[in-house]
Amino acid sequence: MPPERIVVIGLHGQAEAELPKPARLALEQADLVVAGARHLRAFTRPGRPTLAIGGDVAVVLDAIERQPGVVVVLASGDPGFFGMVRPLAARFGPARLEVHPAPSSVALAFARLGLSWDDAVVVSAHGRGLVEAADEALRHPKVAVLVSPENSASALGAALIAAGAGARTVAVCSRLGLDGERVVETDLGGLAAGEWDPLSVVVLVADAAPRGGDKTLAWGRSEQHFAHRGGMVTKAEVRAVALGKLDLPAVGVLWDVGAGSGSVAVECAALCPGLAVHAVERSAQDAASIGANAASFAVAVRVHVGEAPACLADLPDPDRVFVGGGGLAVLDACTERLRPGGQIVATYGCLDRAAAAAERLGSLTQVNVARGRRLPEGGLRLESENPVFVVWGPRP
């Protein structure tokens, strides 16, 4: 028989006497108090039945379902924010719950730093892969990450550095509202090298702003905006066409294979921050330029140094692929890994390769660009760039 009432009380370092009156009354009437070990030690009374929350939430929910009367669940901060309200409401229905929230750890972290957070994204590293959490954090300029004993703050710092994160202002806010509260401002290197309390919120704020001032919806930017080696950059006009043919989704996985300067990867990441963008480049020198370009635009691009197609094996399957370098073997490998409904765009300077690619993908166009050049006397002349073939597909 499920309980008549489930009262969920958020705590912010209070003693029992400091709780709001409805929460204190619920504790006095409780037939069972459910909490983590730390809260049980603080709120245990002789004769008060208790149940410790362990790693398996389903076991706790089963025990609550067998308890008649009033069940009180104690939790840190706002239990509706990545907390127990979600599994309790899913099992017992929202109508059975009475929730008394305290300030969330994220709200407290931004308050301690004197920052607003209505434009921040919150990422939880609880119960998910650290690389996935780091990738999500990289896609946004202001982020709060809830770390865990399994995915520590220092491990998060190492994962962000490995992913090529640009400069970030970092604050580690530990034990908020408790004895030993600590707020430390550092950088990514300090985050990775430090030793931090597991009860921490890591706040990350991107230092760099996109070049050109305020963020705008723009693509096909001039090659002058990208660090590159010897012209190894997709020309602006070709890039604009390729981005249109990619038909970018709001979320998913994108590969830029043979990325060169990473100009396509960077612009895709800027246009769709929800994409997980992977740039593949065999030249370590060019790979370094990709990281620098991503940092200058304050976008998240994970750079992989290696020879395609062999180095593609460890990447997640893509929803979109841009092939800027490599032969038909690379194109075939990308096609084999493409998720259903996905799209590949490839560029070629040679007609024979472009025609072979079009047999596989279905569509081909040629981009001819003539740029205006100023003459000494002030007039303009047209200077042609090498034509480029853009191939895309597969066929519906």
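The values are calculated or read from the model by the stated rules, or taken from the named source; none is laboratory data. It should be emphasised that the depicted structure is a prediction, and the values quoted were computed from it without experimental measurement. Neighbour counts run over all protein chains shown; Cβ positions are idealised from the backbone, glycine included.
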In the set Arg91, Arg24, the lone residue that is free of Cβ contacts under 8 Å to residues at least 12 places away in the same chain, surrounded by 13 or more Cβ atoms within 10 Å (Cβ to Cβ) and more than 30 Å from Val203 (Cβ to Cβ) is Arg24
Could we say that Val34 is among the β-branched types (Val, Ile, Thr) and either closer than 28 Å to Leu108 by Cα or part of a loop (DSSP other than H, G, I, E, B) (or both) here? yes
Boolean, Ala162 is under 27 Å from Gly252 (Cα atoms) and not acidic (Asp, Glu): yes
I'm told Leu32 meets every condition in (1) out of contact with any Gly (no Cβ under 8 Å at 6 or more places or on another chain); (2) surrounded by 12 or more Cβ atoms within 10 Å (Cβ to Cβ) except one. Can you identify the failing condition by its number? (1)
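So which residues in the range 370-396 are part of a loop (DSSP other than H, G, I, E, B) and touching a residue at least 12 places away in the same chain (Cβ under 8 Å), if there are any at all?
Hits for the range 370-396 are Glu385, Asn386, Pro387, Pro394, Arg395.
Condition test on Glu136, is it part of a helix (DSSP H, G or I), acidic (Asp, Glu), outside the structural domain of His12 (by TED's automatic domain parsing) and crowded, with 18+ Cβ neighbours inside 10 Å? Break it down into steps so the answer makes sense when it comes.
Working: part of a helix (DSSP H, G or I): yes; acidic (Asp, Glu): yes; outside the structural domain of His12 (by TED's automatic domain parsing): yes; crowded, with 18+ Cβ neighbours inside 10 Å: yes.
So Glu136 fits the description; yes.
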Failed criterion for Val233 (all others in (1) within 30 Å of Leu115 (Cβ to Cβ); (2) more than 19 Å from the chain's Cα centre (by Cα); (3) at pLDDT below 80 hold): (1)
Considering the range 96-129, residues that are touching a strand residue (DSSP E or B) at 6+ places or on another chain (Cβ under 9 Å) and among the acidic types (Asp, Glu), and then whichever is surrounded by the most Cβ atoms within 10 Å (Cβ to Cβ), we arrive at Glu98
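Only one of Ser124, Ser105 is closer than 17 Å to Val172 by Cα, in contact (Cβ under 8 Å) with a residue 24 or more places away in the chain and within 15 Å of the chain's Cα centre (by Cα); which?
Working: Ser105 fails: within 15 Å of the chain's Cα centre (by Cα).
One residue alone meets the criteria, Ser124.
From Gly244, Gly326, which residue is on the phi > 0 side of the Ramachandran plot and not aliphatic (A, V, I, L, M)? Quick ask: steps written out before the conclusion?
Values: Gly244 fails: on the phi > 0 side of the Ramachandran plot.
That would be Gly326, the only listed residue that is on the phi > 0 side of the Ramachandran plot and not aliphatic (A, V, I, L, M).
Just name the residue that is surrounded by the fewest Cβ atoms within 10 Å (Cβ to Cβ) out of those in the range 171-185 that are aliphatic (A, V, I, L, M), in contact with a helix residue (DSSP H, G or I) (Cβ under 6 Å, 6 or more places away or on another chain) and part of a strand (DSSP E or B). It would help to see each step written out before you state the result.
First, pick out the residues of the range 171-185 that are aliphatic (A, V, I, L, M): 171-172, 176, 178, 183-184.
Subsequent filtering for residues that are in contact with a helix residue (DSSP H, G or I) (Cβ under 6 Å, 6 or more places away or on another chain) retains 171-172, 176, 183.
From what's left, part of a strand (DSSP E or B): 171-172, 183.
Numbers: Ala171: 21, Val172: 25, Val183: 17.
The qualifying residue surrounded by the fewest Cβ atoms within 10 Å (Cβ to Cβ) is Val183.
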I'm checking my understanding of the structure. Among residues of the range 185-205 that are in contact with a strand residue (DSSP E or B) (Cβ under 8 Å, 6 or more places away or on another chain) and among the aliphatic types (A, V, I, L, M), which one is nearest to Leu108 (Cα to Cα)? Val201
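Take Phe43 and decide whether it is of a type in the set (Phe, Trp, Tyr) and either surrounded by 20 or more Cβ atoms within 10 Å (Cβ to Cβ) or closer than 22 Å to Arg175 by Cβ (or both). Full working, then the answer.
Values: of a type in the set (Phe, Trp, Tyr): yes; either surrounded by 20 or more Cβ atoms within 10 Å (Cβ to Cβ) or closer than 22 Å to Arg175 by Cβ (or both): yes.
For Phe43, the condition - of a type in the set (Phe, Trp, Tyr) and either surrounded by 20 or more Cβ atoms within 10 Å (Cβ to Cβ) or closer than 22 Å to Arg175 by Cβ (or both) - is met.
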Assess whether Ala75 counts as being out of contact with any Asp or Glu (no Cβ under 8 Å at 6 or more places or on another chain), at pLDDT 90 or above, part of a helix (DSSP H, G or I) and not β-branched (Val, Ile, Thr). no
Just checking, which of Arg360, Arg381 is exposed (fewer than 15 other Cβ atoms within 10 Å of the Cβ), more than 27 Å from Ala227 (Cβ to Cβ) and among the basic types (Lys, Arg)? Arg381
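Can you tell which of Ala355, Ala308, Ala333 is among the small types (Gly, Ala, Ser), more than 30 Å from Ala284 (Cβ to Cβ) and surrounded by 10 or more Cβ atoms within 10 Å (Cβ to Cβ)?
The match here is Ala355.
Out of the range 143-170, which residues are over 23 Å from Val303 (Cβ atoms), buried (at least 18 other Cβ atoms within 10 Å of the Cβ) and not aliphatic (A, V, I, L, M)? Spell out how you get there, then give the answer.
Kept after step one, since they are over 23 Å from Val303 (Cβ atoms), are these residues of the range 143-170: 144, 146-150, 152-153.
Retained after the next criterion (residues that are buried (at least 18 other Cβ atoms within 10 Å of the Cβ)): 144, 146-148, 152-153.
Ser148, Ser152 - these are the residues of the range 143-170 that are over 23 Å from Val303 (Cβ atoms), buried (at least 18 other Cβ atoms within 10 Å of the Cβ) and not aliphatic (A, V, I, L, M).
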Residue that is assigned to a strand (DSSP E or B) and not hydrophobic (A, V, I, L, M, F, W, C), where the choices are Gly10, Gly80, Gly54: Gly10
Sole exception among (1) within 21 Å of Leu138 (Cα to Cα); (2) at pLDDT 95 or above; (3) outside any loop (DSSP other than H, G, I, E, B) for Trp196, by number: (3)
Can you give me the number of residues within the range 327-362 that are under 20 Å from Pro249 (Cα atoms), touching a residue at least 60 places away in the same chain (Cβ under 8 Å) and either acidic (Asp, Glu) or part of a strand (DSSP E or B) (or both)? 2
